[in-house]
1. Taking the range 29-48, which residues are touching a helix residue (DSSP H, G or I) at 6+ places or on another chain (Cβ under 8 Å) and surrounded by 14 or more Cβ atoms within 10 Å (Cβ to Cβ)?
2. (1) free of Cβ contacts under 8 Å to residues at least 24 places away in the same chain; (2) not in a loop (DSSP other than H, G, I, E, B): which one isn't true of residue 24, the others all being true?
């Protein structure tokens with residue numbers, strides 16, 4: 001998974017990341033409080049990272065240790 005959306009997105013769901021994604025790999029549903037990045041579709045372009053107003057998007061390898069749980073949460077969203 002190249003990029004991961006983390007806790008600061010909860011309750012915000014700003015669509016800036018969706019608008020810049022060239023492969024449309026960021027999604028959510030009405031039940032979720034945040035967006036998720038599809039690891040099978042993301043092309044690692046990093047366009048989403050700088051536009052996030054709450055700094056919730058990280059490269060998987062630069063993910064803060066207290067946010068690592070969001071790796072699993074992103075994957076689980078797309079396993080539904």
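The values are calculated or read from the model by the stated rules, or taken from the named source; none is laboratory data. A quick note: this is a predicted structure, and the numbers were derived from the prediction, not measured. In this analysis, Cβ positions are derived from the backbone assuming ideal geometry, glycine residues included, and neighbour counts consider all displayed protein chains.
1. 32, 34, 35, 36, 37, 38, 39, 47, 48 - these are the residues of the range 29-48 that are touching a helix residue (DSSP H, G or I) at 6+ places or on another chain (Cβ under 8 Å) and surrounded by 14 or more Cβ atoms within 10 Å (Cβ to Cβ).
2. (2)
One line per residue, one yes/no per condition, for (1) farther than 21 Å from residue 15 by Cβ; (2) outside any helix (DSSP H, G or I); (3) touching a strand residue (DSSP E or B) at 6+ places or on another chain (Cβ under 9 Å); (4) modelled with pLDDT under 95:
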position	(1), (2), (3), (4)
40	yes, yes, no, yes
46	no, yes, yes, no
55	no, yes, no, no
58	no, yes, yes, no
61	yes, no, no, yes
66	yes, no, no, no
70	no, no, yes, no
74	no, no, yes, yes
77	no, no, yes, no
